[in-house]
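The values are calculated or read from the model by the stated rules, or taken from the named source; none is laboratory data. Because the structure is a prediction, the values reported are computed rather than measured. A quick note on method: Cβ atoms are made from the backbone with ideal geometry, for glycine too, and the neighbour counts reach across all protein chains shown.
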């Protein structure tokens, strides 16, 4: 059976199951009410896309920097990296957002909740990226570095030509997964009143009292972002694997 | 090559791996290092290849001492070739790209000049048909031979090979040893660490037995492998030789 057919059948079965569950709930659908607020939902979707994209880039940079700190021979630098990673990975994003925005950002005088939101989200995701990058670098056999040195490559050349290409292939699946998580985690920025997609859906719900009709488009919207991401990741993995 | 080693000391953490090693070879073309695991052979080879700096002592090839600072060592490493036991080749590059890597990025050849240079060696060692393949598509023996070729195409003064066949099955071992034998025939200078004693007998001008971080015996192969007086050395060969 071709894969696309198998995928379509499974999705159709799943949709049928959901439809069956809904039909038994005796729910009075009110799509018209939510449709009136489509502009609001679309705007929220746009904000989520912008926030996610920016955070993707910033968190990758933070993650690389932190991975360098973690691998540093300098004990102080390594400590900075380790404390950052453990603290961020060990506490809920919710707490980080609340303390980060209402306490730290206020103290520093940063008032723009969008900027602070992106920063906090990037710091959060960056900690996970750091561990992913560190694991990827550690998985490369030491002989690769020895060979690169033995050939006479400079440290930068070794990193660019030998280490980095291998590290990218190793971490690609995990990084793609982290990107998907980031897009969904951005929904939590609603707690600091960032007008992104989830907050928009919550507001539409409070105006129309039509909960399912507000939140089902929300789920569909996030899927529209995460599914292409997963597909691109799988494409890149196939293109860059070691077997021809 | 005339290798002069004096008072060589190397430590990893608290462990002393080389303990005042002395070796004066005279003018030879091939040196084979043998001995028990953990005795210091690979550590010595890494120092000779310019990969590690010893804690103390001096190494000189043909009267020229090895430097202790990294930039000079890098320049030295560009004049020699080194091969390891496994994972030599970059897995994301084809065999050809692996060969071109040092020529283009270290020795400044253009890609066409580099390709021209590697063509003959590839054919001579029967690897031309495999050049477009990635390491995952090559056998262990082919990978090691490409790795040795990569060390050779930069026209090094000498080669350093660390147990090139230890990770291979007997058939592939033979294939790689045949290549090294041919290199000996062509006059290439090399320092080889190996457990293949029969091969050592054939290709070594001198054999040095490294144990407990020192040279316990040094001389022509037959003298060391078959007729050595040092008890430690004799018992080693008695155990491993058929």
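Pick from segment A:147-160 the residues that are crowded, with 21+ Cβ neighbours inside 10 Å and facing chain B (nearest Cβ under 7 Å): which of them is nearest to residue B:90 (Cα to Cα)? Here the answer is A:147.
Residue A:142 meets the conditions (1) within 10 Å of chain B (Cβ to nearest Cβ); (2) within 18 Å of the chain's Cα centre (by Cα) in every case but one. The failed one is (2).
Among the conditions (1) surrounded by fewer than 19 Cβ atoms within 10 Å (Cβ to Cβ); (2) more than 19 Å from residue B:87 (Cα to Cα), residue B:221 misses just one, which is (1). Apart from one condition, residue A:163 fits all of (1) more than 10 Å from every other protein chain (Cβ to nearest Cβ); (2) under 26 Å from the mean Cα position of the chain (by Cα); the exception is (1).
From the list A:57, A:9, exactly one residue is free of Cβ contacts under 8 Å to residues at least 12 places away in the same chain and under 28 Å from residue A:128 (Cβ atoms). Which is it? Checking each option against the conditions leaves just A:57. Using the structure shown, decide if residue B:164 is closer than 23 Å to residue B:24 by Cα, outside any helix (DSSP H, G or I) and within 14 Å of another protein chain (Cβ to nearest Cβ). The answer is no for residue B:164. The residue that is farthest from residue B:118 (Cα to Cα), among those in segment B:87-99 that are within 9 Å of chain A (Cβ to nearest Cβ) and within 18 Å of the chain's Cα centre (by Cα), is B:87.
The C-beta contact set for segment B:124-138 (first residue within 14 Å of chain A (Cβ to nearest Cβ), second residue loosely packed, with under 13 Cβ neighbours inside 10 Å and at pLDDT below 95, distance under 6 angstrom, 6+ apart or interchain) comprises B:134/A:244; B:136/A:243.
For segment A:111-135, the set of residues classified as more than 18 Å from the chain's Cα centre (by Cα) and more than 17 Å from residue A:62 (Cβ to Cβ) consists of A:111, A:112, A:113, listed by residue number.
Taking the listed residues B:7, B:39, the one that is in contact (Cβ under 8 Å) with a residue 40 or more places away in the chain and over 22 Å from residue B:228 (Cβ atoms) is B:7, with no other qualifying.
Out of all the residues in segment B:206-215, which are part of a strand (DSSP E or B) and surrounded by 19 or more Cβ atoms within 10 Å (Cβ to Cβ)?
Listed by number, the residues that qualify are B:206, B:207, B:208, B:209, B:210, B:211, B:215.
Of the residues making up segment B:93-114, just one is crowded, with 20+ Cβ neighbours inside 10 Å and not in a helix (DSSP H, G or I), namely B:94.
Restricting B:232, B:239, B:202 to residues that are closer than 29 Å to residue B:57 by Cα, part of a helix (DSSP H, G or I) and at pLDDT below 95 narrows the list to B:232.
Rundown of residues vs (1) surrounded by fewer than 19 Cβ atoms within 10 Å (Cβ to Cβ); (2) out of contact with any helix residue (DSSP H, G or I) (no Cβ under 7 Å at 6 or more places or on another chain); (3) within 14 Å of chain B (Cβ to nearest Cβ), yes/no style:
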| position | (1), (2), (3) |
| --- | --- |
| A:78 | yes, no, no |
| A:82 | yes, no, no |
| A:87 | yes, yes, no |
| A:97 | no, no, no |
| A:108 | yes, yes, no |
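Here residue B:203 does not fit the description of being without any contact (Cβ under 8 Å) to a residue 40 or more places away in the chain, over 25 Å from residue B:104 (Cα atoms), crowded, with 20+ Cβ neighbours inside 10 Å and in contact with a helix residue (DSSP H, G or I) (Cβ under 8 Å, 6 or more places away or on another chain).
Against the conditions (1) within 21 Å of residue B:12 (Cβ to Cβ); (2) in contact with a strand residue (DSSP E or B) (Cβ under 7 Å, 6 or more places away or on another chain); (3) modelled with pLDDT of 95 or more, residue B:77 satisfies every one except (2). Counting only strands (runs of 3 or more DSSP E) that fall entirely inside segment B:5-86 and contain at least 2 residues that are within 18 Å of the chain's Cα centre (by Cα) and within 14 Å of chain A (Cβ to nearest Cβ), the qualifying elements are B:81-83.
Kindly evaluate residue A:46 against the criterion of being in a helix (DSSP H, G or I) and more than 16 Å from residue A:117 (Cα to Cα). Judged against the criteria, residue A:46 is not a match. Among the numbered conditions (1) surrounded by 18 or more Cβ atoms within 10 Å (Cβ to Cβ); (2) within 14 Å of chain B (Cβ to nearest Cβ); (3) without any contact (Cβ under 8 Å) to a residue 40 or more places away in the chain, the only one that residue A:172 does not meet is (3). Taken together, the criteria place residue B:117 among residues that are more than 8 Å from chain A (Cβ to nearest Cβ) and over 23 Å from residue A:166 (Cα atoms).
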